[in-house]
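> Have a look at the structure that comes next, please.
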Amino acid sequence: MEQRLTIVGLGVKDLQVSSQFYEEKFGWKKMKSSNDGITFFQLNGILLSLYPNDKLAEDATVSPEGQGFKGFTLAFNTRTKEEVDTLISELEAKGVKIVKRPESVFWGGYSSYIADPDDNLWEIAFNPYLLLDEAGNAVEE
């Protein structure tokens, strides 16, 4: 199997509300292939898809029930520590739920967490050990 990730699919309670969150709060643009049943966002090299939670669970043949920590986070890494503060201030002004305020963290970076309408956690972080290319892709030295 090739070492790659093509799509991150999130099951959401309300497709319209979640789609608007990513469009209005993050400023992202939906792909033309989005429709009334699914939303796609082109990221740098992968897609983020939003799909009704119950239908996603049905497709995977699992129960849609569950709550609390989901056991994963999504991350948006910045190029500077100051960019974390700026983004969190902008998101907070747009009414985004701030789960953890920006702070220096044990591994040497600077990190904050926000939540989308389905409480999917997004880490907004500066990692001084992670290099980003012009497109925002993580690269090795």
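> Return the pair list, or none, for Cβ contacts closer than 7 Å from residues in segment 47-58 that are in the same structural domain as SER18 (by TED's automatic domain parsing) to residues that are part of a helix (DSSP H, G or I), at least 6 apart or on different chains.
LEU50/LEU15; LEU50/SER18; LEU50/SER19; PRO52/LEU15
> Among the helices (runs of 4 or more DSSP H) confined wholly to segment 1-119, which include 3 or more residues that are buried (at least 17 other Cβ atoms within 10 Å of the Cβ), among the aliphatic types (A, V, I, L, M) and under 16 Å from the mean Cα position of the chain (by Cα)?
Per the criteria, 81-93.
> If only one of GLU92, GLU134 is out of contact with any Lys or Arg (no Cβ under 8 Å at 6 or more places or on another chain), at pLDDT below 95 and not hydrophobic (A, V, I, L, M, F, W, C), which one is it?
GLU134
The values are calculated or read from the model by the stated rules, or taken from the named source; none is laboratory data. A quick note: this is a predicted structure, and the numbers were derived from the prediction, not measured. In this analysis, Cβ positions are derived from the backbone assuming ideal geometry, glycine residues included, and neighbour counts consider all displayed protein chains.
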